[in-house]
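The structure under discussion appears below in the form of structure tokens.
The values are calculated or read from the model by the stated rules, or taken from the named source; none is laboratory data. Here the structure is a predicted model, which is why all the values come from computation and not from measurement. Virtual Cβ from ideal backbone geometry, glycine too; neighbours counted across all protein chains shown. These area figures cover heavy atoms from the full protein model, side chains too; ligands, DNA and RNA do not enter into them. Shrake-Rupley method; radii C 1.70, N 1.55, O 1.52, S 1.80 Å.
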Amino acid sequence: MFAYENVFYITLAIIMVMLSEIMDMYFHGEEGKTIFSHPFNRSLLEEDDASKLLKKVHDAGDDRSMVLVSAMVCETYIDLLLAILLPKYSRLLDGAGNFTFSTKIKLLDSFEIIPSHLTRAADLVRQVRNEFAHNLEVSSLSDVDPKIFRKLRGLYDERKIRTDIGPDDLSNLFSTVSYLATSVLYAYRESLHRFAAAVRQPEFANGLAAQHLSEHKVVIKALTEHDR
């Protein structure tokens with residue numbers, strides 16, 4: 001019995017390590033490239049109305065609906081993240097017809113606050129969305145410009161996501177990338193909330209001022225001693 005229990009717990013530990021590695025491929029970016037390279041808590045993937053709708057549409061198997069809803073959910077989440085970072089973000093949206101989905105993605109990416117593979121995934125979802133939205137002849141994922149799917153496959157291969165998607169499985173490939181652009185991207189909201197709250201505290205600015213004063217004194221002291 002003891003031997004069997006050991007085998008069970010060792011097997012369980014191996015499975016947990018493998019699952020952790022797989023989740024890292026989704027969530028984690030390169031350390032030092034962005035302010036956050038991983039979310040504070042990956043369990044923040046609880047379902048909201050948008051993600052429930054997304055799951056329902058994905059399960060239905062209709063490519064057009066899946067793509068359009070994925071893009072809608074992605075843009076909604078990006079709006080929510082930008083609103084965390086920019087208290088008056090709504091002013092950018094008021095009457096700003098040229099403040100497009102693409103602009104929002106670029107704005108979020110320009111902060112360099114979350115891993116870039118997530119904003120890249122969002123932009124790829126946007127590109128696929130545009131294929132369906134602007135071309136009535138596109139009725140399925142197989143009609144989408146192959147160049148876009150090569151980019152999706154490139155991101156998939158780069159992240160080394162272990163779901164064994166075949167070269168012709170466009171639906172699962174898009175679903176995987178849209179998962180990065182929606183649920184995984186939005187998992188960073190708690191990190192952004194805490195960041196935004198911290199930098200708006202008086203202590204944050206005071207700390208920077210104290211650091212600047214300390215460094216200034218060191219420079220002045222070094223110059224004074226050099227003149228002697």
> Has the range 51-69 got at least one residue that is out of contact with any Lys or Arg (no Cβ under 9 Å at 6 or more places or on another chain), assigned to a loop (DSSP other than H, G, I, E, B) and modelled with pLDDT under 90?
Replying inline: yes
>> I'm checking my understanding of the structure. Among residues of the range 155-192 that are assigned to a helix (DSSP H, G or I) and of a type in the set (Gly, Ala, Ser), which one is most open to solvent (accessible area, probe 1.4 Å)?
In response: 171
>> Under 7 Å between Cβ atoms, which residue pairs at least 6 apart in sequence (or on different chains) link something in the range 180-209 that is under 26 Å from residue 75 (Cβ atoms) and among the small types (Gly, Ala, Ser) with a partner that is at pLDDT below 90 and open to solvent by 50 Å² or more (accessible area, probe 1.4 Å)?
In response: 183/45; 187/42; 187/45; 191/40
> Applying the selection to the range 25-47, what residues are open to solvent by less than 50 Å² (accessible area, probe 1.4 Å) and either at pLDDT below 60 or of a type in the set (Asp, Glu) (or both)?
Replying inline: 44
> Does the range 76-125 hold any residues that are in a loop (DSSP other than H, G, I, E, B), β-branched (Val, Ile, Thr) and surrounded by fewer than 13 Cβ atoms within 10 Å (Cβ to Cβ), and which are they?
Replying inline: 100
>> Suppose we filter 135, 172 for residues that are under 22 Å from residue 103 (Cα atoms) and modelled with pLDDT under 90; which single one remains?
In response: 135
> Taking the range 126-154 as the region of interest, how many residues are open to solvent by 70 Å² or more (accessible area, probe 1.4 Å), assigned to a helix (DSSP H, G or I) and under 13 Å from residue 64 (Cβ atoms)?
Replying inline: 2
